[in-house]
1. Which one of Q44, T107, Q119 is farthest out on the positive end of the charge dipole of the chain, using unit charges on Cβ (Lys, Arg +1; Asp, Glu -1) and the Cα centre as origin?
2. Region 1-52 to region 89-124: how many Å between their Cα centroids?
3. Run the reach check for K101 against aspartates and glutamates, Cα to Cα strictly under 17 Å, same-chain hits fewer than 8 apart removed. What comes back?
4. At A40 and Q3, where each label point lies 7 Å from the Cα along Cα→Cβ, what is the point-to-point distance in nanometres?
5. With a 1.4 Å probe and every protein chain kept in, tell me what percent of the accessible surface of region 1-57 is carbon plus sulfur.
6. Using a Förster radius of 25 Å, what is the FRET efficiency between R66 and W114 based on their Cβ-Cβ separation? Nearest 0.05, please.
7. Who wins for biggest fluctuation among T77, T68, T107 in a Gaussian network model of the chain, springs between alpha carbons below 10 Å?
8. Treat every Asp and Glu Cβ in region 28-118 as -1 and every Lys and Arg Cβ as +1, leave all other atoms uncharged, and give the resulting dipole magnitude about the Cα centre to the nearest 20 debye.
Amino acid sequence: QVQLVESGGGLVQAGGSLRLSCAASGSIFRINAMGWYRQAPGKQRELVADITRGGSTRYADSVKGRFTISRDNAKNTVYLEMSGLKPEDTAVYYCNADLLKEPVRGTFRRDDYWGQGTQVTVSS
């Protein structure tokens, strides 16, 4: 089994900062990309940022310059440093991992896993 656990969400005033963490554990051979998505009430889930094992990153235009994604491959952990938070950043933030599970009968299986989400609320 694979589990992703997010932490670090909370309530912050506009302009403030938060750091989200997500640790993956379980029968993991290798994690390729890890990322953060968010979903606000009544809206579709959207990509915030992701990062490959080699460190290549992507960001949503709305967060460029304010958020920084990073990872510690040895700990199977991804982080999202958020600064200059805006009320429109309010959402449940979900961690995602694109990974290879431990091989079974010599075959790798690629799976996409999600954390349970952590609430980020930015007050104006």
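The values are calculated or read from the model by the stated rules, or taken from the named source; none is laboratory data. What you see is a predicted model, and the numbers here were worked out from it, not measured in a lab. Using ideal geometry, Cβ is built from the backbone for each residue, glycine included, and neighbour counts are taken over all protein chains shown. Ligands, DNA and RNA are excluded from the accessible area calculation, which covers all protein heavy atoms including side chains. Shrake-Rupley method; radii C 1.70, N 1.55, O 1.52, S 1.80 Å.
1. T107
2. Each part's Cα centre sits 7 Å from the other's.
3. K101 reaches D111, D112.
4. 3.2 nm
5. On the way: 1370 of 3060 Å².
Carbon with sulfur: 45 percent of the solvent-accessible area.
6. Details: r = 23 Å, r/R0 = 0.94.
Efficiency, rounded to the nearest 0.05: 0.60.
7. Of T77, T68, T107, the Gaussian network model singles out T107 as fluctuating most.
8. Values: 15 positive and 11 negative charges, 48 e Å.
It comes to approximately 240 debye.
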